[in-house]
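One structure below.
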Amino acid sequence: MRIVTQNVFGGPDVLEMVDRPAPEPGDGEVRVAVTAIGVNPLDVAVREGWYPMIGEPPFSLGWDVAGIVDAVGGGVTDFTVGDRVFGMPRLPGAGNTYAEQVVVPAAELLATPDALDDVQAAALSLVALTAHRSIVEVADLQPGQRVLVQAAGGGVGHVAVQMAKALGAEVVATASAGKVDFVRGLGADRVIDYREIDFVDELSGLDLVIDPFGGESVGRSLAVVRDGGVVASLLDVRDEDVVAARERGIVLDRIRIVPSRSALQTVVDLVEAGHLTVHVAATYPLEQAAVAHEELGRGVTGKLVLIP
């Protein structure tokens, strides 16, 4: 099989296609013939080495995957050969999904519903599980509460807007000018062009802020959330912000996710009910993984997907 790997940290050019023997599933695992692979900012961070989550190269990237089961290991009763499946295997370990075949724990996959084609399914898991963790598990968002979703035109953001609206929240979103209409079309009640307006001057008393930037951005998020509210940061937070949040009774959660079939089923329920759609901006052949990474660095509306 073909698999994209890298031997050193670096730019997109470190990604290279190699041939490897097809992996064999062990007990509790299935092998998936990959039909689509989601590309995420996490992939770029790991590739560059500033977020060395899976150690030093050589390694292969990728977590989001969709495909067809083509081999079943011992003890697996959930799936049979020919089943369509999708998921986000092994996070925070190496998922190895930038490949034509991948071995995955069966418990970390879900049957792909008819409401999703394989490209949409591959784009969904990581961003939807991140949004679900922030909105449902950490914030326990209730109807009528007010949410700010920053970078709402991106992968996590565009899913978070739809999920929060489905739960009955009032959603304010930030986006660049070119994405404002897209985000408004997702159902956001107000969209702020962050290059023209500083949301800190406009907002206060929010119940939840989803902050994809971490670091210094978290202080700005804390400035607009109410005492006792929630800030969900997708990247690391500073010690001083942890202290400031604690003094105001704010839950400041550094969002980390793991594969969850139950959470993914909740997301699928939203898709099937017509409340959630994942937007795929473009697809690329697997051998153009480096091109997809370059495009992601320029700012993408929704998600990018690789096709083996």
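The values are calculated or read from the model by the stated rules, or taken from the named source; none is laboratory data. Every value quoted in this text rests on a predicted model; they were computed, and no experiment measured them. Here Cβ is always computed from backbone atoms with ideal geometry, including for glycine, and neighbour counts include all displayed protein chains.
Of all residues in region 12-43, those being part of a loop (DSSP other than H, G, I, E, B) and more than 12 Å from Ala292 (Cα to Cα) number 9. Among residues of region 261-287 being among the polar types (S, T, N, Q) and surrounded by fewer than 18 Cβ atoms within 10 Å (Cβ to Cβ), the one that is farthest from Arg133 (Cα to Cα) is Thr277.
In the condition set (1) buried (at least 24 other Cβ atoms within 10 Å of the Cβ); (2) within 16 Å of His275 (Cα to Cα); (3) touching a residue at least 60 places away in the same chain (Cβ under 8 Å), Tyr98 is compliant with all but (2). Of all residue pairs spaced 6 or more apart or on separate chains, those with beta-carbon atoms under 6 Å, a first member in region 159-174 that is crowded, with 24+ Cβ neighbours inside 10 Å and a second member that is at pLDDT below 95 are Thr174/Tyr194. Taking region 236-263 as the range and being of a type outside the set (D, E, K, R) and out of contact with any helix residue (DSSP H, G or I) (no Cβ under 7 Å at 6 or more places or on another chain) as the test, the residues that pass are Val242, Val243, Gly249, Val258, Ser262. Only one of the listed residues (Val4, Val30, Val44) is within 25 Å of Ile255 (Cβ to Cβ) and surrounded by 18 or more Cβ atoms within 10 Å (Cβ to Cβ). That residue is Val44. Within region 69-123, the set of residues being under 24 Å from Arg47 (Cβ atoms) and hydrophobic (A, V, I, L, M, F, W, C) comprises Phe86, Met88, Leu91, Ala94, Ala99, Val102, Val103, Val104, Val119, Ala121, Ala122, Ala123. Tell me, which residue of region 138-150 that is surrounded by fewer than 24 Cβ atoms within 10 Å (Cβ to Cβ) and hydrophobic (A, V, I, L, M, F, W, C) is farthest from Ala122 (Cα to Cα)? So, considering only residues that are surrounded by fewer than 24 Cβ atoms within 10 Å (Cβ to Cβ) and hydrophobic (A, V, I, L, M, F, W, C), the one farthest from Ala122 (Cα to Cα) is Leu141. Candidates in region 194-253 are the residues that are without any contact (Cβ under 8 Å) to a residue 60 or more places away in the chain and of a type in the set (Ser, Thr, Tyr); of these, the one that is surrounded by the fewest Cβ atoms within 10 Å (Cβ to Cβ) is Ser204. If I filter region 256-285 down to residues being outside any loop (DSSP other than H, G, I, E, B) and among the polar types (S, T, N, Q), which single residue comes out as nearest to Phe182 (Cα to Cα)? Among those that are outside any loop (DSSP other than H, G, I, E, B) and among the polar types (S, T, N, Q), it is Thr283.
Taken together, the residues in region 3-53 that are over 24 Å from Leu110 (Cα atoms) and either at pLDDT 95 or above or not assigned by TED's automatic domain parsing to the domain that holds Thr283 (or both) amount to 24.
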